[in-house]
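Structure record follows, encoded as structure tokens.
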Amino acid sequence: MAQTIEHFLDIYRVRLSCQEQGITNPPDIIKTFTSNFVRELELHDKLEQVEIVELESGDKEFILVGSGKVLGKLPAE
């Protein structure tokens with residue numbers, strides 16, 4: 001089910017803030033994803049739709065519905 005850019009921004013800004021404050025301490029690859037993903041989301045209209053697609057590898061891609069652009073790829077843990 002697709003969600004808006006705004007939906008993901010709300011979630012990932014909180015996660016980024018927690019990481020920056022040291023409240024959470026995920027692996028560096030996740031920290032990098034979170035930071036890059038928030039920056040990418042901020043470039044788009046907050047009402048655009050994003051789908052999550054799970055790849056065979058277990059990675060998850062966040063794809064902009066209208067254009068098919070991959071906004072971020074969350075590595076499997």
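Just so it is clear, none of the values below were taken in a lab; they were calculated from the coordinates. Being a predicted model, the structure only gives us computed values, none of them experimental. Backbone-built Cβ (ideal geometry, glycine too); neighbour counts: all protein chains shown.
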Which residue pairs have Cβ atoms under 9 Å apart, sit 6 or more places apart or on different chains, and have a first residue in region 45-61 that is under 11 Å from H7 (Cα atoms) and a second that is part of a strand (DSSP E or B) and among the hydrophobic types (A, V, I, L, M, F, W, C)? E48/L64; Q49/L64; V50/F62; V50/I63; V50/L64; V50/L71
Could you check how many residues of region 23-38 are over 13 Å from I11 (Cα atoms) and part of a helix (DSSP H, G or I)? 7
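Which residues, counting only those in region 56-75, are touching a Lys or Arg at 6+ places or on another chain (Cβ under 8 Å) and either assigned to a strand (DSSP E or B) or of a type in the set (A, V, I, L, M, F, W, C) (or both)?
Of everything in region 56-75, those that are touching a Lys or Arg at 6+ places or on another chain (Cβ under 8 Å) and either assigned to a strand (DSSP E or B) or of a type in the set (A, V, I, L, M, F, W, C) (or both) turn out to be K60, E61, F62, I63, K73, L74.
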